[in-house]
1. Indicate the gyration tensor shape class of the range 404-522 (rounded, prolate or oblate), computed on the Cα atoms with a ≥ b ≥ c the square roots of the eigenvalues: a/c under 1.5 is rounded; otherwise a/b larger than b/c is prolate and the rest oblate.
2. Compute for the range 66-169: radius of gyration divided by Kirkwood radius, i.e. Rg/Rh, restricted to C-alpha atoms, rounded to two decimals.
3. Given an 8 Å cut-off on Cα distances and at least 6 residues of separation, report the relative contact order of the chain as a percent.
4. Give me the one-decimal nm value for the distance between modelled label points at R367 and T564, 7 Å along each residue's Cα-to-Cβ direction.
5. For the range 332-452, what number results from the quotient of the Cα radius of gyration and 2.2 N^0.38 Å?
6. Out of every Cα-Cα pair in the range 1-120, what percent are more than 17 Å apart?
7. Name the residue farthest towards the positive end of the dipole of the range 416-574 from the options Y440, A472, A519, assuming +1 on Cβ of Lys and Arg, -1 on Cβ of Asp and Glu, about the Cα centre.
8. How big is the range 511-590 along each principal axis, measuring the range of its Cα positions in Å and listing the largest first?
Amino acid sequence: MYGFYNRILSIDVTDQTSRIEQPADRMLRRGLGGKGLAIQLLLANNPPQVDPLSPANHLIFANGPASGSPVWGCCRHGVYAKSPQTGLFSESYSGGTVAEHINGTGFDAVMIHGAAEQPGWLEVSPEGVEFHPAEDLWGLDTFATEDRIKEWIQQNRPEAGKCGVVCIGPGGENQVSFAVIENDYWRSAGRTGLGAVMGSKKIKAIAFRGKSKKQFADDELLKNFAKSLAQIGKDNAGVKAYKSMGTPMLVDIMNEAGGFPTRYWSKGRSEHREQFNASALHSRCDVEPHACLKCFMACGRLSTVKEGRHKGLKIEGPEYETIFAFGGLCEIGSIEEIAYLNDICDRLGIDTITAGNLAGLAIEAARQGRIDSPIDYGNVDEVAQLLHDIAYRRGIGETLARGIKHAAKEWGMEDQAIHVKGLEPAGYDPRILKGMGLAYGTSDRGACHLRATFYKPELSGMVDRDEIEGKAKVFAEWEDRLTIFDTLVLCRFYRDLYQWEQLAEMIKGTTGLDLDVKAMRRIAANVTDDVRRFNLQEGLTRQDDLLPPRFHKEPLPETQKVITAEQMDQMLKEYYQVRGWNERGEPPAA
Ligand code: SF4
């Protein structure tokens, strides 16, 4: 099919072999690329109920048909496996430059299984894979690892030009259940612990290089499409907002809405918000907008701290989700200190959203006398120490490295811990944004804000936040459209610009498939159903789609709002109906 190389590189790191497989055309028609391809590969290759950190778990890097095209927002790669954090389907996406280099290798996906005895790194090119030892890299942080691999490629493959590198830090090496796979220093496949899967295989890094170019169905169409989008983007208010303020603009928006999770989910507004909102970031740091390849939105903030003990610290970020996790949940009331914690997580290779959530849980545990630790709200040095202890699995860090379910059980806090399926939510309180309750409940990777980004219609007033009836139908349409984003592998922030019409045009230009909305939604439903089947096979039940009880019982002090168990139940019932699933949330047989 056009838009694909129709080649998958399958690597066995145990015996250092590889083979090239051709995906069946029907697989690509069923799910396109990215998530749609990866879930079919996982269903076909992962043994049911496999231990996520065992050699038999498959780790998949996948691009979509838009990769390598002129389409804006297409420089994004997806990573998939069974998650060590949730025990369910794992997906995570990252921007930067790597997708372009994966595309250069001439493979649509690289699928890795097995486990090496000694640390190594992989060099993937159009010729296949080369295995390199990495004893000298093991123990390095993510930044140093990326530098070293890039230097090696430059010296030993002078004809290759630039390469893309993904790597793990000490968090991944030590198989912390929420370790990330980092690239371009500050970008990461951040959620659900894919770095731990890579660490379990003893792969420190992967370099992707090559100059392959795939054939698209209609190059002229794609060129014109990208040209007109750039024009439309110039005057788009959303684009301007992302470019001028980045995601930290959400600090004020969520505080005003009363749904900015604060003091480990016990408040909806922070008294410190002016210390870490977008204005604070832009006034207290030198900030330059920074973009992934093929993006005119440039939501990234390349920030350098101007004053104080972190003067000179340079980071891409902090993003809203990191600000909420440390600034809100742990009450670290300073953008410079949040940047410092962000930098530690990046270097260690652990997810900031989960890290902030777990630090918040640890603070509560300490305050309640459940653990012996000086950690407290606002105590940045203790939080920083905890991040290191997690990555190196020391003391209470060892408990937290195993994930929130484990920690909550060990500390007798199962009624207080905030998570769905073992994944902690992002910075949108579902007591305020009810549709985010449905999103957290039903997302296949746990309490995820991104699969439907339903905060957007609820915050912008397109959808009534408190309405319950009929919400699942609107939600499913958002979810379907963004599932198509994940099969093409596109950046979420183009969601206002890429409605169904634009997605159809993009699919036609890349693959040649002429699809109407119904056909695209059919593909999205195939993917959602396949992932659900995978999760059911791994032990998921309806119970796992429920929210933590605190969201039902504990009103937010500023607004007195909760999301009741009955409201959640009604949305879930409607969602299952819309999806064509039975009352237990099971899709019909494939
Ligand atoms: S909007 Fe942001 S995340 Fe998306 S492609 Fe552009 S810079 Fe990358």
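Where a number appears in this text, it was derived from the coordinates with a stated rule and is not lab data. If you're wondering where the values come from, they're calculated on a predicted model, not measured in any experiment. Cβ: placed from backbone, ideal geometry, glycine included. Neighbour counts: every protein chain shown.
1. Values: a/c = 2.87, a/b = 1.86, b/c = 1.55.
Because a/c hits 1.5 or more and a/b exceeds b/c, the range 404-522 counts as prolate.
2. With Rh from the inverse mean 1/r over Cα pairs, Rg/Rh is 0.96.
3. Here the relative contact order equals 16 percent.
4. Output for this residue pair reads 2.9 nm.
5. Dividing the Cα Rg of the range 332-452 by 2.2 N^0.38 Å gives 1.05.
6. Numbers: 3925 of 7140 pairs.
Result: 55 percent of Cα pairs exceed 17 Å.
7. Result: Y440.
8. 54, 28, 19
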